[in-house]
Amino acid sequence: MDGNYINALLGILLSAVLTENYILVKFYGICPFMGVSKKIDTALGMGMAVTFVMALASAATWAVNLLLVALELEYMQTVAFILVIASIVQVVEMFLKKSVPALYKALGVFLPLITTNCAVLGVALVNVQEGYDFLQSVINGAAGGIGFTVAIVLFASIRERVDKTDCPPIFKGIPITLISAGLLALAFMGFSGLKIF
């Protein structure tokens, strides 16, 4: 690997975590972001599960895309990618149910919702649109998952503090949560001017 390729990989990694964060910049995956961010433990567990699924889905959808291109069935990408992602999520769900039942219960309905998490599908489609090779796709998927984890854990820590503070009754609950999410997204959008490699 030459220096330019390594710089490209580092650029993909940093942009997926900071400047192109799937939750806070592109606004993909908001449902689990809002639903599983009440406690840091469950947010971290969800982030790790999403990171694993995103990395694995990126690798699998890259291979599936090669097959679709060879068969001239590119128009089937979205359907094929959703099927691949659903299969991977089922495996992760069975693994967590057997190995980490406490996390499986804490994630509840949001674990199967990774299947329809648009961040996971979004990373697969971005990989195709950008023309990434296998390694770039996997790094983009893993980095997208790391960015998801960073965002959801930061938001969970903010929510834990906000829930304990005294605020006007009209802001309690959903309003203060949405304001906090907006401020966190605004903070991450500050990275958008960052020149990465």
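The values are calculated or read from the model by the stated rules, or taken from the named source; none is laboratory data. From a predicted model like this one, the values you see are computed outputs, not experimental measurements. Every residue, glycine as well, gets a Cβ built from its backbone with ideal geometry; the counts of neighbours run over all protein chains shown. Calculation scope for accessible area: heavy atoms of the full protein, side chains included, ligands and nucleic acids excluded. Shrake-Rupley method; radii C 1.70, N 1.55, O 1.52, S 1.80 Å.
Tabulated data for the structure shown
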read-out: Hey, Val69 assigned to a helix (DSSP H, G or I) and either modelled with pLDDT of 85 or more or of a type outside the set (D, E, K, R) (or both) or not; value: yes
read-out: Residue in region 123-145 that is surrounded by 14 or more Cβ atoms within 10 Å (Cβ to Cβ) and among the acidic types (Asp, Glu) present; value: no
read-out: Members of region 28-50 found to be in a helix (DSSP H, G or I), hydroxyl-bearing (Ser, Thr, Tyr) and open to solvent by 30 Å² or more (accessible area, probe 1.4 Å), listed by number; value: none
read-out: Cβ-Cβ under 7 Å pairs, at least 6 apart or on other chains, region 140-156 side without any contact (Cβ under 8 Å) to a residue 60 or more places away in the chain, far side of a type in the set (A, V, I, L, M); value: Leu154/Leu184
read-out: Hits in region 95-111 - residues which are of a type in the set (Lys, Arg) and either at pLDDT 85 or above or open to solvent by less than 60 Å² (accessible area, probe 1.4 Å) (or both); value: Lys97, Lys98
read-out: Single residue of Val91, Val17, Val25 found to be of a type in the set (Val, Ile, Thr) and either open to solvent by 80 Å² or more (accessible area, probe 1.4 Å) or in contact with a Lys or Arg (Cβ under 6 Å, 6 or more places away or on another chain) (or both); value: Val91
read-out: Test: residue in region 137-159 that is more than 14 Å from Ala43 (Cβ to Cβ) and either of a type in the set (Asp, Glu) or not in a helix (DSSP H, G or I) (or both); value: no
read-out: Qualifying positions in region 156-182 - surrounded by fewer than 16 Cβ atoms within 10 Å (Cβ to Cβ) and small (Gly, Ala, Ser); value: Ser157, Gly173, Gly182
read-out: Residue within region 11-24 that is of a type in the set (S, T, N, Q), assigned to a loop (DSSP other than H, G, I, E, B) and under 17 Å from Ala142 (Cα atoms) present; value: yes
